[in-house]
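In what follows, a single structure is set out as structure tokens and then discussed.
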Amino acid sequence: MLQHRAVYNEEHAMFRDAVRGFIAAEITPNFARWEEQGIVDRQYWTSGGAAGLLCPQVPECYGGPGGSFLHNAIIGEEIAYAGYAGPLSDFSVHSDVCAGYILHFGNEAQKQHWLPRMVSGASVCAIAMTEPGTGSDLQGVRARAVRNGDELVVSGSKTFISNGQHADVVIVVARTSDAPGAKGISLVLVETDRPGFRRGRNLDKLGHKSADTSELFFDEVRVPVGNILGAEGGGFTVLMTELPQERLTLALSSMGAAQRAFDLACDYVRSRRAFGKAVMDFQNTRYKLADLKAELSVGWAFVDQCLARHERGALTSADASIAKLWCSEMHGRVVDQCLQFFGGYGFMREYEICRLYADARVQRIYGGTSEIMRELISRSL
Ligand SMILES: Cc1cc2nc3c(=O)[nH]c(=O)nc-3n(C[C@H](O)[C@H](O)[C@H](O)COP(=O)(O)OP(=O)(O)OC[C@H]3O[C@@H](n4cnc5c(N)ncnc54)[C@H](O)[C@@H]3O)c2cc1C
């Protein structure tokens, strides 16, 4: 299902092969250890950069390979299909989310400084929106970036931040004025070697065990005013512009992981026997699998339509929210049913389906919960 789709061409097929080669050489041999230690090695970032898999959409003038978002999509689909949700979320936040903010809204100096480093993996980027007191309601952020001469003084705390431990720079969502709601919000680039910045715990999670997810603390961190990304007070508009791409990325990773669960289940029910026949031979199994195949087919068709729209610059917030809502919910249904086919083995951590089940749960939460997706879709009615 991942290949031979009209949205991709021959060059994309070759790129997909290269991504598979990278996964086999750099992720597979290390993955169990990363899951155990709760974080990927820093080396993962530099090898990803060396293989050309970080920020593939960045133009050559900023040190990138000059690809398009379709290259990002292929990387996401393949790592998801390989079952490596943790390492995928690290790369995805950096390449699919953060790089877009800098590429589309950074000034020339910010682009020249950060993009080549992000492409090579020399610098890892995170984005810090969520706070202990607010997640879905982004207008409720309390972190502040107060002007003091040529500097901004950043204070506040953030939580659940992907790449928090490895980050060299964090795009911080903070209030730069007392203007109410969205108006006073700006994005500020904060380098993590500045005094007053502190990383909290690397958080223990249900799934995505090797993903780097942290609390971050900003205690009067001073940055130049030139570190504002986009217009001062325009942070909310930037977020609203960039979040659809993040949501499409999450829809794609749900598709890849759900497809993996389905393929594993098909293999298992062919070989597992009960009552003298293969589990596949029960009508219940075949019909359930038929339903899942139908769901997957519809999902791939819709995400491909969204990818094509995104390439034309025509992906709407509602399109991306529909993709994220439907694919992540479908992902949950698929992993649940596929685990059921494994019987008791499905509950054992040594079986991949067990991890796929745990990893799937967050897809309905981060990047905007399913409830928030419904809210956004309803606004387009
Ligand atoms: C593994 C992981 C990685 C993450 N990475 C990042 C990251 O890199 N950067 C970052 O900034 N954040 C990150 N997040 C945070 C994530 O985006 C938030 O957890 C998510 O947006 C939900 O916010 P919340 O947890 O505060 O839940 P809340 O907003 O408190 O929501 C609680 C419940 O209320 C519901 N709810 C809220 N508002 C409404 C409404 N208007 N109508 C109906 N129901 C509503 C929600 O849907 C949810 O069910 C990550 C989270 C996780 C788990």
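The values are calculated or read from the model by the stated rules, or taken from the named source; none is laboratory data. Because the structure is predicted, anything quoted here is derived from the model rather than measured. No Cβ is skipped: glycine too gets one built from the backbone with ideal geometry, and neighbour counts run over all protein chains shown.
With respect to G207, determine if the residue is within 30 Å of G83 (Cα to Cα) and part of a strand (DSSP E or B). Taking the combined requirement at face value, the residue does not satisfy it. Only a single criterion out of (1) more than 24 Å from the chain's Cα centre (by Cα); (2) surrounded by fewer than 17 Cβ atoms within 10 Å (Cβ to Cβ) is not satisfied by G200, namely (1). Taking region 280-319 as the range and being crowded, with 17+ Cβ neighbours inside 10 Å and of a type in the set (V, I, T) as the test, the residues that pass are T285, V303. The helices (runs of 4 or more DSSP H) found wholly in region 26-98 and carrying at least 2 residues that are under 27 Å from N9 (Cβ atoms) and outside the structural domain of K209 (by TED's automatic domain parsing) occupy 42-50, 69-81, 85-92.
The residues of region 83-104 that are over 13 Å from the mean Cα position of the chain (by Cα), surrounded by 22 or more Cβ atoms within 10 Å (Cβ to Cβ) and hydrophobic (A, V, I, L, M, F, W, C) amount to a single one, I102. If the Cβ limit is 7 Å and pairs must be 6+ apart or interchain, which residue in region 143-171 that is acidic (D, E) pairs with which residue that is crowded, with 17+ Cβ neighbours inside 10 Å and part of a strand (DSSP E or B)? Pairs that qualify, where the first residue is acidic (D, E) and the partner is crowded, with 17+ Cβ neighbours inside 10 Å and part of a strand (DSSP E or B), are E151/V223.
Do you know which of the residues in region 358-381 that are among the hydroxyl-bearing types (S, T, Y) and out of contact with any Phe, Trp or Tyr (no Cβ under 9 Å at 6 or more places or on another chain) is farthest from the ligand (Cβ to nearest atom)?
Residues of region 358-381 that are among the hydroxyl-bearing types (S, T, Y), as a first pass: 366, 369-370, 378, 380.
Now drop any that are not out of contact with any Phe, Trp or Tyr (no Cβ under 9 Å at 6 or more places or on another chain), which leaves 369-370, 378, 380.
Values: T369: 3, S370: 7, S378: 10, S380: 16 Å.
Applying the filter and picking the extreme gives S380.
The sole residue among R147, R142 that is modelled with pLDDT of 95 or more, in a strand (DSSP E or B), on the phi < 0 side of the Ramachandran plot and among the charged types (D, E, K, R) is R147.
Residues of region 367-381 that are not in a helix (DSSP H, G or I) and not hydrophobic (A, V, I, L, M, F, W, C): G367, G368, T369, R379, S380. Of everything in region 358-381, what is without any contact (Cβ under 8 Å) to a residue 60 or more places away in the chain and not polar (S, T, N, Q)? Give them in sequence order. Selection gives R364, I365, R374, E375, L376, I377, L381. Under the condition of being in a strand (DSSP E or B) and closer than 25 Å to W114 by Cα, the residues counted in region 159-204 number 23. Look at region 29-51: where a residue is surrounded by 13 or more Cβ atoms within 10 Å (Cβ to Cβ) and a partner is among the aromatic types (F, W, Y) and not in a helix (DSSP H, G or I), sitting 6+ places away or on another chain with Cβ atoms under 6 Å, you get F31/Y84.
Looking at region 113-123, which of its residues are within 18 Å of P224 (Cβ to Cβ) and touching a helix residue (DSSP H, G or I) at 6+ places or on another chain (Cβ under 7 Å)? Of everything in region 113-123, those that are within 18 Å of P224 (Cβ to Cβ) and touching a helix residue (DSSP H, G or I) at 6+ places or on another chain (Cβ under 7 Å) turn out to be W114, S123. A single member of E242, E220, E215 is over 29 Å from T369 (Cβ atoms) and not basic (K, R), and it is E220.
Hey, does region 128-139 have a residue that's more than 16 Å from the ligand (Cβ to nearest atom), within 27 Å of P180 (Cβ to Cβ) and not assigned by TED's automatic domain parsing to the domain that holds E60? Scanning region 128-139 turns up no residue that is more than 16 Å from the ligand (Cβ to nearest atom), within 27 Å of P180 (Cβ to Cβ) and not assigned by TED's automatic domain parsing to the domain that holds E60.
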